[in-house]
Amino acid sequence: MVVAEGVDELEPLLETLRDTGYRITLAFDAMEGYRRATTLQMDLVLLDVRLSSTDGFAACRLLKADPATADIPVIFLTSSASLEERLAGLRAGAVDCIVKPFDPAEVMARIEIHLRLAEAPRSRIAPAAKSAPPTERLETNGDGAPGSDMDRVLMQAAERLILADLSHVLPLRELAARVGTHEKRLSRVFKELANRTVFEFIREARLQEAQRLLLESAMRIEEIAAAVGFSSAANFATAFREYFNCTPSACRQAGRAPDA
């Protein structure tokens with residue numbers, strides 16, 4: 001599958017793909033690409049970073065958070081030579097990043113390498129005949145939002161972003177944007193599926209990671225507090241005691257996990 005806003009600059013590549021025998025489906029925004037990937041059988045996704053509404057990074061995070069699409073190799077196409085953007089793509093779950101303008105022969109070589117690595121059939125990238133809108137799996141509820149399967153994918157993608165760096169968790173609005181949704185919906189998803197707010201999930205994740213570090217590392221308590229995102233050791237100690245009914249130092253001395 002190829003996901004891009006326009007196909008003019010990609011036409012030489014598309015022609016090469018067709019001439020080589022690959023079957024292609026096109027999507028013109030990130031969420032359309034994600035929805036098609038959950039419905040059609042994909043071997044590989046070429047994903048443009050710069051897309052309207054939702055960027056390619058958010059679509060990739062959703063693909064990697066969804067068990068149905070997690071194993072599909074994603075290759076980013078980007079017009080930026082920025083190392084930071086290429087690293088962002090790889091951290092989002094892509095297997096490769098290709099900078100525009102590119103040579104179709106190079107893209108083809110990379111596609112074939114990643115298909116072999118994924119042990120995917122070389123006969124197609126996606127079945128061309130199936131391009132209908134997604135069906136049951138993404139059936140909408142009354143307010144027009146996708147149903148529970150999509151909600152679980154959104155929550156899993158957000159959880160991965162949170163757990164990747166507990167010391168610098170994104171504000172709720174930016175966190176929601178990074179997984180292709182808005183803060184109201186992400187808040188609802190956590191409340192319905194995790195029975196806690198996003199803030200409560202972050203707080204619990206920080207405290208549980210702190211507990212692990214207390215028991216498994218030699219880091220000082222002040223270092224652990226900073227590593228999991230608390231503004232001070234005092235705030236950390238108060239939160240830890242409230243959650244575990246045990247101080248951080250007592251937890252370490254006991255050498256076992258207190259009951260939450």
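Treating only the Cα positions of segment 182-260 as identical point scatterers, give the base-10 log of I(q)/I(0) from the Debye formula at each q in 0.21, 0.23, 0.27 Å⁻¹.
Here log10 of I(q) over I(0) equals -0.87, -0.98, -1.22.
Quick one: which of 191-202, 87-98 comes out on top by average Cβ neighbours within 10 Å, and what's the full order, highest first?
Numbers: 191-202: 14.7, 87-98: 19.1.
Ranked from most to least packed, the peptides come out as 87-98, 191-202.
Which residue, Pro104, Pro73, Pro171, has the most motion in a Gaussian network model of the chain that connects Cα atoms within less than 10 Å?
It is Pro171.
What does DSSP give for the chain in terms of the percent of beta bridges that are antiparallel, rounded to the nearest 5?
Working: 1 of 13 bridges.
Percent antiparallel among DSSP bridges in the chain is about 10.
Sort Ser148, Ser80 so that the residue with the fewest other Cβ atoms within 10 Å of its own Cβ comes first and the one with the most comes last. Intermediate values should be presented prior to the final figure.
Values: Ser148 12, Ser80 15.
Fewest-to-most ranking of Ser148, Ser80: Ser148, Ser80.
In percent, what relative contact order does segment 55-120 have, based on Cα pairs under 8 Å that are 6 or more apart in sequence? Don't skip to the answer; put the middle values down first.
Working: 59 pairs, mean separation 21.9, N = 66.
Contact order relative to length: 33 percent.
How big is the Cα convex hull of the chain in projection, averaged over all directions, in nm²? Could the numbers behind the result be given before it?
Values: hull surface 64.1 nm².
Result: a mean projected hull area of 16.0 nm².
If I fit a long axis through the Cα atoms of helix 104-117 and take the longest principal axis of the Cα atoms of the chain, what angle between them do I get, 0 to 90°, rounded to 10?
60 degrees
Measure nothing fancy, just the Cα-based angle from helix 11-20's long axis to the longest principal axis of the chain, in degrees from 0 to 90, nearest 10.
80 degrees
Helix-derived [θ] at 222 nm for the chain: sum -39500 (n - 2.57) over DSSP H runs of at least 4, divide by residue count, nearest 500? Kindly include the intermediate steps, with their values, before the conclusion.
Numbers: 12 runs with 134 residues, N = 260.
That comes out to -15500 deg cm²/dmol.
The numbers here are math on the coordinates, done by the rules we state, and not lab data. Source: prediction; values computed, not measured. Heads up, the Cβs are rebuilt from the backbone with ideal geometry, glycines too, and the neighbour counts pull from every protein chain shown.
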